[in-house]
Amino acid sequence: MKLATIRDGTRDGSLAVVSRDLRLATRAEDVVAGLSTLQALLDDWDELSPKVERIAAELNEAAEGGRHAPFATFAFDPDKAMAPLPRAYQWADGSAYVNHVELVRRARGADMPSSFWTDPLMYQGGSDSLTGAREDIVVADAAFGIDLEGEIAVVTGDVPMGVAADEAAGHIRLLMLANDVSLRNLIPGELAKGFGFFHGKPSTAFAPVAVTPDELGPAWRACKVHLALHTSINGTGLGAPNAGHDMTFSFADLIVHAAKTRRLSAGTIVGSGTVSNKGADGSPGLPMSEGGAGYTCLAEVRTVETIRHGKPLTPFLSFGDRVRLEILDANGASVFGAIDQKVVRYESV
């Protein structure tokens, strides 16, 4: 099933069930009394999800031209969607594509410990103001080094501390597509303090729809999404790396890592980190213009340019730029809907 949160003037919006083709939707609370938010569904997943799955099945039948749904429907408008979880109890972002980690660290002259290939990196991001797919990227100063980062994320149910690797996948409830906005020029100074990200990681944006893993069919295997993440800036393709390739740590691995010393509450979001593919020969990936898979962030572009040309040639994002991220299934249909954001200057009120 596919789920969205519709803007209704409240902080957490209204949970909507969305048809597979992203055309029709219905408010969950109109069919299941009291089910007003996605967090409420996650909190009582075992009891409520079968009811929502029945709604989704009837909605899909109506969207495919079958009988009318036995409840009110409306045209799904991604412009009216918030992040599926507008605020979450936890946003734990990993870095499962170690190729990306290696390249970005090289760009700032940092060593690459061998342990990074066996022990995942993870940090706790801000989860109190997650943004919708069509909301602007608001930044005070372009000199901060504004960058996009295309990621996949999972939403968990309750996960016990010390969960076993073979049980972790069973706690995944939903998948999402994210733009983990980064302010690259602030990050080196923050990391030099030895206490992690803060200013360098503003609000993360999420595609309009969260989906259950079964919606991906055979593309969801080994706890990885084996589909290309299409990314563009101002209408020009930046990359389409396959999210299932070169993912050193699966989502099961990331959940095990996150739950090593604590339990995870229902509604925890675990991110994959920037989707990144190596070149066919194991070297840094090539741009799309040269037949490569390209990239999902500018930091990686700039690092590869430095390796190949001695210096970065591509600037970070500027005010007025527009970024788009989307994953298409084997039939060319959008899985999560698109993230489509404009970079704008923050103006204090």
For segment 52-157, which fully contained strands (runs of 3 or more DSSP E) count at least 3 residues that are in contact with a Pro (Cβ under 9 Å, 6 or more places away or on another chain) and in contact (Cβ under 8 Å) with a residue 60 or more places away in the chain? 137-139, 150-156
Criterion: in a loop (DSSP other than H, G, I, E, B) and either free of Cβ contacts under 8 Å to residues at least 40 places away in the same chain or open to solvent by less than 10 Å² (accessible area, probe 1.4 Å) (or both) - qualifying residue of D8, D46: D8
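Here is a yes/no grid of residues against (1) crowded, with 20+ Cβ neighbours inside 10 Å; (2) touching a residue at least 24 places away in the same chain (Cβ under 8 Å); (3) in contact with a His (Cβ under 6 Å, 6 or more places away or on another chain):
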{"site": "K193", "(1), (2), (3)": "no, no, no"}
{"site": "F197", "(1), (2), (3)": "no, yes, no"}
{"site": "A207", "(1), (2), (3)": "yes, yes, no"}
{"site": "G217", "(1), (2), (3)": "no, yes, no"}
{"site": "T236", "(1), (2), (3)": "no, no, no"}
{"site": "D246", "(1), (2), (3)": "no, yes, no"}
{"site": "L254", "(1), (2), (3)": "yes, yes, no"}
{"site": "A259", "(1), (2), (3)": "yes, yes, no"}
Residue identified as surrounded by fewer than 21 Cβ atoms within 10 Å (Cβ to Cβ) and among the polar types (S, T, N, Q) among T212, T156: T212
Qualifying residue in segment 180-188 (condition: of a type in the set (V, I, T), crowded, with 16+ Cβ neighbours inside 10 Å and under 11 Å from the mean Cα position of the chain (by Cα)): yes
Kindly establish whether G162 is over 20 Å from the mean Cα position of the chain (by Cα) and either within 30 Å of L41 (Cα to Cα) or at pLDDT 95 or above (or both). yes
If you check G285, G267, which single one turns out to be out of contact with any His (no Cβ under 7 Å at 6 or more places or on another chain), under 26 Å from L328 (Cα atoms) and at pLDDT below 95? G285
Would you confirm, using the coordinates I've provided, whether K311 is assigned to a loop (DSSP other than H, G, I, E, B), open to solvent by 10 Å² or more (accessible area, probe 1.4 Å), in contact (Cβ under 8 Å) with a residue 12 or more places away in the chain and not β-branched (V, I, T)? no
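The values are calculated or read from the model by the stated rules, or taken from the named source; none is laboratory data. All values derive from a computational prediction rather than experimental measurement. Counting neighbours? That spans all protein chains shown, and the Cβs are built from the backbone with ideal geometry, glycine included. These area figures cover heavy atoms from the full protein model, side chains too; ligands, DNA and RNA do not enter into them. Shrake-Rupley method; radii C 1.70, N 1.55, O 1.52, S 1.80 Å.
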